[in-house]
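Read through the structure below, which is laid out as structure tokens, and then see the notes.
The values are calculated or read from the model by the stated rules, or taken from the named source; none is laboratory data. Not measured: the values here are computed from a predicted model. Every residue, glycine among them, receives a Cβ derived from its backbone with ideal geometry; neighbour counts consider all protein chains shown. The protein model used for the area step is the full one, side chains on, heavy atoms only, and it has no ligands, DNA or RNA in it. Shrake-Rupley method; radii C 1.70, N 1.55, O 1.52, S 1.80 Å.
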Amino acid sequence: MATKSSKSSLIIKNLHVETEDKTNRQSKKEILKGLDLEIKEGEIHAIMGPNGSGKSTLLNALMGHPNYQISGGTIQLKTGDKTKKLNDLKADERSNLGLFMAFQHPIEVPGLSFLHMLRTIKNLKGTEKQSLEELLEELKIELKKLKIDEKALERGINEGFSGGEKKKLEIFQMKVLKPNFILLDEIDSGLDIDALKIVAENIKEFFKKYSPAIIIVTHYARILKFIEPHKVHILSDGKIIKSGGKSLAHITEKHGYEKN
Amino acid sequence: MATKKIDTLFTNYKYGFHTDTKSTLVIPKGLSEKIVRQISAIKEEPKWMTDYRVKAYKEFVKKPLPDFGPSLGGINFDDIHYYIRPQDKTQNKWEDVPAEIKETFDRLGIPEHEKRSLAGSGAQFESEMIYHSIKESLSKKGVIFDSIDQGLKKYPELFKAYFGTIVPYNDNKFSALNSAVWSGGSFIYIPKNTYVELPLQAYFRINTESMGQFERTLIIADEGSFLHYIEGCTAPVYSKDSLHSAVVEIIVKKNAHVQYTTVQNWSTNVYNLVTKRAYAYENAEMIWLDCNVGSKVTMKYPSIYLIGDNSKGEIKSLAMAKDNQCQDTGGKIIHTGKNTTSKIIAKSISKDHGNASYRGLLKATKSARNSFNYSKCDALILSPEARSDTIPKISIDDPTASIAHEASIFKIDDSQLFYLMSRGLPQDTAVSEIVNGFANPIVSELPMEYAVELKRLLEIETE
């Protein structure tokens, strides 16, 4: 990541997203119904909301999942005076612009090792000149910080790992790929308290060093005790119904979404 | 559309070139007893071999085509050259190989490969081994690595004791054909307790249109010996079909270990119908590592007879079928010894109208007490028109046998693609990475040169 004079922002305007209705192939179901959000590099935003409110849909649509179609509104990346529309870009193109998503349920790719994938991506991007030895050293340092056995590098992607390990490995990939816009989809679910602390520490360390923009989607305020958000948004029925400071998260957890 | 398809075929298959050569002897197309006798006469063979060939020819005429598997109706047995001699004798120095033939093998990288990582190598062009060479240190130890024709001449007793004992001429129509017109292939003998550290390799090349190649390989690994043998094969792209029908016989004696690795990459106008079989004696180990990427139709089921007590067998295979290719491959393991163990790992990838199927036989006779097998067949299907069948036959006559068979079918799903793309891999790369990941458990077992080559092939094939 080059040092920049001005920070980039991800600007979401009046976003409508629909998916195929699983019960009826003919019809589409609208999940996001006009969502507005702006996040700058150096900010951490938390998005909370009840099940089915559209939290995962938002992150998948931002990352470019083909099953989530944008039917209205825009997703833009603004750097200085330049604005780039992301609506029609594929996931790999968005990744090249600095977006990254940590999956709620990381996908298994048998036989393809983390090492091979990360090496291929780094070679493709070609931004950092790194020998295999240098890359290996970097990967091993990050694995150690996340308390993952370095044998994981040679194993198939997410193949046969426990739920907690998979979540840690998402953060591992984030730290190695060094994105500027990070989407964390329920990174805290399925983690015990020790693993949660490790994950939170690694996210904080990365934030401190590179000041990216981070969107944390979560059900619980628990993780927000470890990573303090600058803003908290409440998502309900496809729209952001309330935004506020970090205290909003704790009020919400105490009183539920309905009270807001 | 049709033109484009042919173009891609030519550009993707980098071995599709053909070299202009002056063969020293070409027997006209077609097969008869007279031609069989002529081949034997050219080779100045003993009478027993001439008689054997004639007997096999009669069996070939009598036997029907296989009643299973892909259609072989496209083979016109009258439109094939059964013998072409490319030069007058087998050379043991690359410099002595005629320039235009040498050029072919140079383009295939064979001499380079030998220098780097092999204990010996052989090369067959059309019907004859044109080159054979082994490290002096090994020949001093008594290791024999020669063309099979030389094997018959130089070691007649050893040859006669084993030839045709593992795969009899009347085993099937194509073993009969091979037994009638066989020419070329390797003859290998590894003495007792001799460990051949680096692999021996043979490379097979068909150059002429409508050519039939019928090499025959005989490997005898004496007690306590160790061998890894590799074969590779390619051919030019022609509009008329060629036929490759080989027979491989392997004897793995007590405590010996043999691995036979194949990377089959014939052009898509070659019918590849091969019989491969090994006998493993007490405490011996036999491994077939069989990769089939090329050919029009392949029918090949490497077999292991676990005869000796405590013997082990393993068949690992990878088949890829695209366009209209058909890979009907698999393996057979027959347990007759006590405490014998075996494993079959078969992976297939099919695309377009390709058909990559697994056909297997697993048998444990009454004498095979406490035999153990684990079989796993995985099929990856890349297009809606592609096809893969898993046809395992299991026949167990002994109640103490432990047999497990698993089969799975995969396709590349959107979530896998999205996951990899979200990390920055373009779609094409993501697809070939998923395919490579699927094939990796087999590919990673190959010697490095072949692993690199096969990965490259999988990338091209899945585009």
**Fill in**
Amide H neighbours of B:H228 at under 5 Å, excluding residues fewer than 5 places away on the same chain, with H built from the backbone geometry, are B:L200, B:Q259
**Asked** When the accessible area of each residue in region B:373-419 is compared between its chain alone and the complete protein assembly (1.4 Å probe; ligands, DNA and RNA ignored), which residues differ by at least 30 Å², being lower in the assembly?
**Response** B:D414, B:S415, B:Q416, B:F418, B:Y419
**Request:** Go through B:H244, A:H105, A:H116, A:H219 and list them by solvent-accessible area, largest first, probe radius 1.4 Å.
**Result:** A:H105, A:H116, A:H219, B:H244
**Item:** For region B:354-359, Karplus couplings with θ = phi - 60° (6.51, -1.76, 1.60), whole Hz, Gly/Pro x
**Value:** x, 10, 10, 10, 9, 10
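What whole-number value in Å² describes the accessible area per residue of chain B for a 1.4 Å probe? Don't skip to the end; give the middle numbers.
Numbers: 17570 Å² over 463 residues.
Result: 38 Å² of accessible area for each residue.
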**Fill in**
Magnitude of the Cβ-charge dipole (Lys and Arg +1, Asp and Glu -1) of region B:220-285 about the Cα centre, nearest 20 debye, reported as 200
**Item:** Packing-based ranking, highest mean first, of A:51-58, B:434-441, B:16-23 given that Cβ atoms within 10 Å are counted
**Value:** B:434-441, A:51-58, B:16-23
**Message:** I'd like to verify something in chain A: which complete DSSP H helices, judged by Cα projection on the helix axis, reach 15 Å or more and average at least -0.5 on the Kyte-Doolittle scale?
**Reply:** A:114-125, A:132-145, A:163-177, A:193-210
**Prompt:** Between B:A407 and residues 5 or more places away or on another chain, which pairs have amide H atoms under 5 Å apart, with H built 1.01 Å from N, and which residues are they?
**Reply:** B:C377
**Message:** What is the sum of charges, Lys and Arg at +1 and Asp and Glu at -1, for the other residues whose Cβ falls under 14 Å from the Cβ of B:Y279?
**Reply:** -1
**Complete:** Which residues qualify? For B:S371, with a placed amide H closer than 5 Å and at least 5 residues away or on another chain, they are B:N339, B:T340, B:A401, B:S402
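Run through region A:169-260 and list the trypsin sites (Lys or Arg not before Pro) located in a DSSP loop whose Cβ has at most 14 other Cβ atoms within 10 Å.
Values: sites: A:K175, A:K197, A:K204, A:K208, A:K209, A:R222, A:K225, A:K231, A:K239, A:K242, A:K246, A:K254, A:K259; in loops: A:K246, A:K259.
Of the trypsin sites (Lys or Arg not before Pro), the ones in loops of region A:169-260 whose Cβ has at most 14 other Cβ atoms within 10 Å are A:K259.
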**Item:** Low-density loop cleavage sites - trypsin sites (Lys or Arg not before Pro) in region A:136-165, where at most 13 other Cβ are within 10 Å (DSSP)
**Value:** A:K147
**Prompt:** Out of A:V217, A:V232, A:I193, whose Cα points farthest toward the positive end of the dipole of region A:85-235 (charges: +1 Lys, Arg; -1 Asp, Glu; placed on Cβ)?
**Reply:** A:V232
**Complete:** When A and B pair up, the total accessible heavy-atom area removed from solvent (1.4 Å probe), in Å² to nearest 100, is 2000
**Request:** For region B:349-462, build the charge dipole from Cβ charges (+1 Lys, Arg; -1 Asp, Glu) around the Cα centre, then report which of B:S415, B:V452, B:C377 sits farthest towards its positive end.
**Result:** B:C377
**Message:** Quick check of the Kirkwood formula: for the protein assembly as shown, what is the inverse mean of 1/r over all pairs of different Cα atoms, in Å?
**Reply:** 28.9
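Say the cut-off is 29 Å between C-alpha atoms; which of A:K167/B:K411; B:K62/B:K276; A:K204/A:K242; B:K22/B:K455; B:K29/B:K347; A:K90/A:K225 go over it?
B:K22/B:K455; B:K29/B:K347; A:K90/A:K225
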